[in-house]
Protein chains: 2
Amino acid sequence: MRVLRTGVSTVAPHHSSEPAGNPAWLNTIMKGDCVAALNKLPSKSVDLVFADPPYNLQLGGDLHRPDDSKVDACDDHWDQFESFEAYDAFTRAWLLATRRVMKDDASIYVIGSYHNIFRVGALLQDLGFWIMNDIVWLKSNPMPNFRGKRFTNAHETMIWATKSKTAKPTFNYDALKTFNDDLQMRSDWHLPLCTGGERLKDGDGQKVHPTQKPESLLYRVLTASSNPGDVVLDPFFGTGTTGAVSKKLGRNFVGVEREQAYIDAATARIDAIEMGSGASLDMQKGKRAEKRIPFGNLLEAGLLEPGAELTCSKGRHLAVVRADGSLKCGEHTGSIHKVGALVQGAASCNGWTFWHIKSGRKRSPIDELREEIRSRLRA
Amino acid sequence: MRVLRTGVSTVAPHHSSEPAGNPAWLNTIMKGDCVAALNKLPSKSVDLVFADPPYNLQLGGDLHRPDDSKVDACDDHWDQFESFEAYDAFTRAWLLATRRVMKDDASIYVIGSYHNIFRVGALLQDLGFWIMNDIVWLKSNPMPNFRGKRFTNAHETMIWATKSKTAKPTFNYDALKTFNDDLQMRSDWHLPLCTGGERLKDGDGQKVHPTQKPESLLYRVLTASSNPGDVVLDPFFGTGTTGAVSKKLGRNFVGVEREQAYIDAATARIDAIEMGSGASLDMQKGKRAEKRIPFGNLLEAGLLEPGAELTCSKGRHLAVVRADGSLKCGEHTGSIHKVGALVQGAASCNGWTFWHIKSGRKRSPIDELREEIRSRLRA
DNA sequence: GTCAAGTCTGAATCGGGCG
DNA sequence: CCGCCCGATTCAGACTTGA
């Protein structure tokens with residue numbers, strides 16, 4: 001993996017036509033300031049953004065455990081801001097730079113704690129982003145509150161947003177539902193902290209980065225809001241969890257990071273990963289992904305004859321199929337959906353599952369005939 | 001209980017010296033606009049504030065369930081704001097009015113959803129409040145996402161703050177820890193919605209208030225951040241959950257509410273409560289039951305790789321694991337349970353015990369990997 | 001009275017392609 | 001851009017109904 005240094009830019013200015021193949025910045029870490037680096041990327045070029053910005057923790061003095069050991073707090077210089085105004089200006093700048101490189105239907109996830117997430121969320125709204133969900137990452141093993149003065153801070157908050165209210169972001173609903181044992185994925189995610197072998201350590205056994213995120217978190221974000229081959233941007237790349245999971249899941253990434261030590265650790269980490277590929281990356285698809293079969297096809301295929309009689313599952317309503325693929329039920333005529341809605345007095349109706357045909361003694365939904373057509377098309 | 005109408009104020013102007021005994025406004029509902037009513041209270045007079053302001057939901061058209069029934073949305077006039085600016089101005093005004101009546105060491109809790117909570121949190125910080133925690137109320141029974149377009153919105157967020165960084169708020173650490181089976185109370189609270197007998201209904205069986213909060217939530221807030229005899233203010237009193245729990249726990253309350261229908265319901269509700277008769281009021285504890293582990297967690301945790309091969313115990317059926325946690329076995333795809341049922345021609349199947357993975361020469365059920373996750377979560 | 005099956009509902013920013 | 005219309009989409013828990 002190459003590292004592009006944006007301070008001494010090795011990224012060529014972007015003209016309207018990219019050379020064939022992947023652009024030079026793909027699957028690289030750009031070194032330098034977040035906004036300056038993002039400004040070197042072409043606009044509308046990324047599908048998903050995961051951002052883990054500085055939390056502006058505003059820590060006071062040292063904190064000691066009951067056994068008097070010192071807590072290794074996040075007091076790095078990059079987490080120091082003079083005021084809320086300074087933090088807001090910083091946030092607004094990187095959000096705007098990020099917004100420019102997002103495709104119109106791209107998603108952005110920003111993670112934070114109560115120190116910064118309210119400011120981030122309000123600014124997202126002020127800048128015209130549209131919030132889809134907030135998600136809480138519940139830590140199974142959070143650090144306890146040693147002083148007993150507050151609740152154990154056992155979660156962080158992620159905001160999922162799009163560029164605008166009208167955006168139609170990728171959301172792999174069916175894949176997530178399957179992933180979650182056939183229940184809808186909820187806004188609360190129970191995941192352990194990044195510890196043990198996953199946590200990057202330096203030669204002295206010290207952790208390389210104070211707030212390394214667990215791969216499980218990124219795994220779920222990428223599964224939810226991207227597809228294989230998509231481009232995932234992380235403007236605060238750190239030790240590269242986003243890049244690592246992107247590579248495993250067959251996504252492309254681009255990162256921005258200022259600190260050379262983090263870049264070095266991330267580069268080694270990602271180089272050691274084998275790129276995911278092939279059928280194992282296929283996402284579980286739902287009915288929406290299936291090709292649309294007009295009702296008339298059933299007549300063309302000979303699966304139904306004009307004059308065939310359809311009923312609802314209880315046999316209460318009776319309709320006749322006409323040669324043009326419309327139904328007639330008493331005074332009502334129209335599509336299977338329209339007539340189904342009319343006879344029920346409902347606002348809408350899925351005619352495929354509402355209408356049944358007699359096969360032997362039992363009634364089966366005409367959806368089974370549609371499935372027969374689909375299987376013929378696949379063959 | 002008396003109701004004070006602040007429009008035709010029955011509250012005498014407050015001088016520096018209160019007459020002996022409780023002030024007239026104690027344990028009453030003040031009718032009228034929130035800010036105007038609060039301005040009639042003496043400064044620095046309350047110990048705890050619980051505020052459930054309008055969420056500014058910005059709903060679009062109607063939403064229907066899959067069975068075509070209409071969702072009874074919260075579309076009340078009091079939740080309509082013209083813009084974020086209007087909502088911010090409203091929020092700033094009631095926060096400032098509330099701040100004045102808070103004692104220096106008082107606590108304030110504000111609850112909201114992603115529609116409004118980020119604005120509330122940022123404004124709290126801008127006005128000099130000091131955030132102690134954010135707390136997530138995880139709903140065991142939230143409304144599902146009917147269209148499959150987002151994560152199930154399964155939580156709301158509460159912010160606990162003080163008037164300033166130097167405040168020393170009440171925090172009954174030991175009481176909470178005892179309640180929580182001798183573990184520190186965490187920032188995630190697992191509580192069901194307010195339904196059933198607790199939910200106030202009118203003569204037609206319709207809910208009186210669209211967003212009545214569960215008493216369990218207030219019980220925990222009051223236990224954490226107040227003492228018997230304290231004064232608890234709720235500037236958006238609604239149907240009076242704050243007043244009801246205050247009375248049960250031997251706290252004093254003062255509420256502000258604009259809608260007469262809510263005031264009537266709250267008055268009857270609170271009058272029916274016997275002070276301190278809280279035997280039935282056990283604080284809802286965190287769930288002790290074993291947590292459900294979705295199959296996808298095995299991939300996130302790295303215990304299975306995409307592409308891994310699973311078989312039944314005899315090795316007869318072979319399935320491949322995909323990155324999204326679905327299985328593929330011939331033409332069949334879906335969850336471990338669904339595919340297990342399909343390959344056996346069974347109606348249902350426990351995928352955890354049906355599917356095995358080879359470890360060395362023998363096959364072991366993937367249930368053992370789930371147990372490994374559980375032990376990590378316990379650690 | 002018991003149990004099983006069916007109904008109802010909860011702070012919701014809930015569609016998309018084609019003409 | 002607007003309108004039409006196809007047709008996809010739900011979990012937990014309390015309550016009601018009926019055998």
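The values are calculated or read from the model by the stated rules, or taken from the named source; none is laboratory data. Treat the numbers as computed from the prediction; the structure is a model and nothing was measured. Note: ideal-geometry Cβ built from the backbone for every residue, glycine included; neighbour counts use all protein chains shown. Heavy atoms of the whole protein, side chains included, go into the accessibility calculation; ligands, DNA and RNA do not. Shrake-Rupley method; radii C 1.70, N 1.55, O 1.52, S 1.80 Å.
Do any helices (runs of 4 or more DSSP H) lying entirely in segment B:287-379 carry at least 2 residues that are more than 23 Å from A:ASP174 (Cβ to Cβ), and which ones are they?
The qualifying helices (runs of 4 or more DSSP H) are B:367-378.
Can you tell me which of B:ALA167, B:ALA224 is among the aliphatic types (A, V, I, L, M) and either assigned to a helix (DSSP H, G or I) or within 16 Å of DNA strand D (Cβ to nearest atom) (or both)?
B:ALA224
Within segment A:171-209, work out how many residues are away from DNA strand C (no atom under 16 Å from the Cβ), of a type in the set (S, T, N, Q) and under 17 Å from B:ASN145 (Cα atoms).
Result for segment A:171-209: 2.
Select from segment B:77-127 the residues that are farther than 17 Å from B:LEU59 by Cβ and at pLDDT below 95 and list them in ascending order.
Matches in segment B:77-127: none.
Counting only residues that are touching a residue at least 60 places away in the same chain (Cβ under 8 Å) and within 14 Å of chain A (Cβ to nearest Cβ), which one in segment B:159-170 is nearest to B:ALA97 (Cα to Cα)?
Quick first cut of segment B:159-170, residues touching a residue at least 60 places away in the same chain (Cβ under 8 Å) only: B:160, B:163-164, B:167-170.
Cutting the leftovers down to within 14 Å of chain A (Cβ to nearest Cβ) gives us B:160, B:164, B:167-170.
Details: B:TRP160: 17, B:SER164: 15, B:ALA167: 18, B:LYS168: 21, B:PRO169: 19, B:THR170: 21 Å.
This residue is B:SER164.
Residues of segment A:263-285 being out of contact with any Leu (no Cβ under 8 Å at 6 or more places or on another chain), open to solvent by 20 Å² or more (accessible area, probe 1.4 Å) and either more than 14 Å from every other protein chain (Cβ to nearest Cβ) or within 21 Å of A:CYS194 (Cα to Cα) (or both), which ones?
Answer for segment A:263-285, where residues must be out of contact with any Leu (no Cβ under 8 Å at 6 or more places or on another chain), open to solvent by 20 Å² or more (accessible area, probe 1.4 Å) and either more than 14 Å from every other protein chain (Cβ to nearest Cβ) or within 21 Å of A:CYS194 (Cα to Cα) (or both): A:ASP264, A:THR267, A:ALA268, A:ASP271, A:ALA272, A:ILE273, A:GLU274.
Mind listing just one residue for me: the one in segment A:19-54 that is out of contact with any Gly (no Cβ under 6 Å at 6 or more places or on another chain), among the β-branched types (Val, Ile, Thr) and in a strand (DSSP E or B) and, of those, surrounded by the most Cβ atoms within 10 Å (Cβ to Cβ)?
A:VAL46
Restricting attention to segment A:188-218, report how many residues are within 11 Å of chain B (Cβ to nearest Cβ), out of contact with any Ser or Thr (no Cβ under 6 Å at 6 or more places or on another chain) and more than 21 Å from A:ALA272 (Cβ to Cβ).
Number of matching residues: 4.
Which residues, counting only those in segment B:63-101, are surrounded by 13 or more Cβ atoms within 10 Å (Cβ to Cβ), within 16 Å of DNA strand D (Cβ to nearest atom) and either within 17 Å of B:PRO53 (Cα to Cα) or aliphatic (A, V, I, L, M) (or both)?
B:LEU63, B:ALA73
Within 7 Å of chain A (Cβ to nearest Cβ) and within 14 Å of DNA strand D (Cβ to nearest atom) - does that describe any residue in segment B:120-140?
yes
Those residues that are within 14 Å of another protein chain (Cβ to nearest Cβ) and near DNA strand D (Cβ under 9 Å from one of its atoms), I need them from segment A:360-378; list them, please.
Scanning segment A:360-378 gives no hits.
Look through segment A:337-359, keep the residues that are away from DNA strand C (no atom under 16 Å from the Cβ) and open to solvent by 70 Å² or more (accessible area, probe 1.4 Å), and return whichever of them is farthest from the other protein chains (Cβ to nearest Cβ).
Only one residue tops the list, namely A:LYS358.
Exactly one of these conditions fails for B:GLU156: (1) outside any loop (DSSP other than H, G, I, E, B); (2) farther than 30 Å from B:TRP25 by Cβ. Give me its number.
(2) is the only condition that B:GLU156 fails.
Does A:ASP202 qualify as being touching a helix residue (DSSP H, G or I) at 6+ places or on another chain (Cβ under 9 Å) and surrounded by fewer than 18 Cβ atoms within 10 Å (Cβ to Cβ)?
Answer is yes for this residue.
What residue, of A:SER313, A:SER359, is free of Cβ contacts under 8 Å to residues at least 12 places away in the same chain, small (Gly, Ala, Ser) and over 18 Å from A:ARG292 (Cα atoms)?
Working: A:SER313 fails: free of Cβ contacts under 8 Å to residues at least 12 places away in the same chain.
Every option except A:SER359 fails the conditions.
Filter segment B:132-156 down to residues that are touching a Gly at 6+ places or on another chain (Cβ under 9 Å) and open to solvent by less than 10 Å² (accessible area, probe 1.4 Å) and give me whichever is farthest from DNA strand C (Cβ to nearest atom).
B:ASP134
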